[in-house]
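Each remark here refers to the structure printed beneath this line.
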Amino acid sequence: MSSNNDFFVVRAEEDGVNVIGLTRGNTTRFHHSEKLDKGEVMIGQFTEHTSAVKIRGKALIQTSHGEMLTERE
Ligand code: TRP
């Protein structure tokens, strides 16, 4: 995992989008929630502590796997 340098990008398409980090390891729990308002961008990585990310609200997401929206109009 230490060799994973990939970033993901989240751009909020409405106010109050949450980018929630989930822990790596035996238990999977929320460890951080970042609130983005419309137009705000978060650039993040998966780390030793973060195995998954959950995004709540309307947002554009870019990863090395492609680009997607959490929801459509
Ligand atoms: N302290 C967290 C970590 O190093 C910070 C973090 C990294 C994070 N990627 C994240 C928080 C994605 C939320 C979502 O793992």
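The values are calculated or read from the model by the stated rules, or taken from the named source; none is laboratory data. Being a predicted model, the structure only gives us computed values, none of them experimental. Cβ atoms come from the backbone with ideal geometry, glycine included; neighbour counts cover every protein chain shown.
For this structure, a couple of remarks:
- Some residue of region 29-43 being in contact (Cβ under 8 Å) with a residue 40 or more places away in the chain and either of a type outside the set (Ser, Thr, Tyr) or on the phi < 0 side of the Ramachandran plot (or both): no
- In region 40-53, the residues that are surrounded by 14 or more Cβ atoms within 10 Å (Cβ to Cβ) and within 10 Å of the ligand (Cβ to nearest atom): MET42, GLY44, PHE46, THR50, SER51, VAL53
- Taken across region 37-46, residues that are of a type in the set (Asp, Glu) and touching an Asp or Glu at 6+ places or on another chain (Cβ under 8 Å) do occur, with at least one present.
- In the set ARG29, ARG24, only one residue is of a type in the set (Lys, Arg), surrounded by fewer than 14 Cβ atoms within 10 Å (Cβ to Cβ) and either at pLDDT below 95 or more than 17 Å from GLU71 (Cβ to Cβ) (or both); that residue is ARG29.
So that you can scan it fast, the table gives a plain yes or no per residue for (1) within 14 Å of the ligand (Cβ to nearest atom); (2) in contact with a strand residue (DSSP E or B) (Cβ under 7 Å, 6 or more places away or on another chain); (3) part of a loop (DSSP other than H, G, I, E, B):
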{"site": "VAL10", "(1), (2), (3)": "yes, yes, no"}
{"site": "GLU14", "(1), (2), (3)": "no, no, yes"}
{"site": "VAL19", "(1), (2), (3)": "yes, yes, no"}
{"site": "LEU22", "(1), (2), (3)": "yes, yes, no"}
{"site": "HIS32", "(1), (2), (3)": "yes, yes, no"}
{"site": "LYS38", "(1), (2), (3)": "no, yes, yes"}
{"site": "ILE55", "(1), (2), (3)": "yes, yes, no"}
{"site": "LEU60", "(1), (2), (3)": "no, yes, no"}
{"site": "MET68", "(1), (2), (3)": "no, yes, no"}
